[in-house]
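Presented below is the structure to which this report refers.
Every number in this text was worked out from the coordinates using simple rules, so none of it is lab data. These figures come from a predicted structure and were not determined experimentally. All Cβ positions, glycine included, derive from the backbone under ideal geometry; neighbour counts span all protein chains shown.
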Amino acid sequence: FSQEERKMTTMTLKKPNTKSIMIVKIGGSILQESPAFTALISDLAELHKSGSSIVVVHGGGPAVESKLAQLHQKSENTAASPSTKVNGLRVTDAATLEVVSQVLSALNIYLSEKLSEQKVKSAGFVPQ
C-alpha cells in the first residue's frame, strides 16, 4: 500500500545517542477494518520491535459524521455545513463536542487494542 492509501504522515525526531521517536498521524478514514489498516498496524508493530518509540495521533472524522447522522445531529464542521468561526477559531456546540469526544475515545481504545494484539504496549490519552 502506498503512503497515500494509508493516509498517514510520519515524522522522525532524533536525539543524539537515543532511540528514534516516530510520530505517526493517521487519518480517521483508515481506522476501520481494511487491508490498509491491517498493514498499518503491522508496520507500527515492526517499528516498535526495531526499538523505535511511537506516538500515534489519529483523526476520526468519518466515524464522527456517521455517529452524528445516527443521532440525527448536524455537525457544524462538515463540508456540507460550513464551520462556525469566531475570531478565526472553529466553534463546536456542546452536543456535537460530546459526540466527538465519545467517538474519538472509542477509536483510541480500538487502536490500542489492535496494537496490543501485535504485542505493542500502548496507552491512550484523551484530553479532558
| query | Which residues in the range 45-59 place their backbone N less than 19 Å from a point set 7 Å from the Cα of LYS119 along the Cα-to-Cβ direction? | reply | 45-54
| message | Quick query: amide H of ILE54 versus all other amide H atoms, modeled in the peptide plane; which residues come in under 5 Å with a sequence gap of 5 or more or a different chain? | response | MET22
| task | Starting at the first residue of the range 65-72, write each ³J(HN,Hα) from the Karplus equation 6.51 cos²θ - 1.76 cosθ + 1.60 with θ = phi - 60°, in whole Hz, x for Gly and Pro. | result | 4, 5, 5, 4, 5, 4, 8, 6
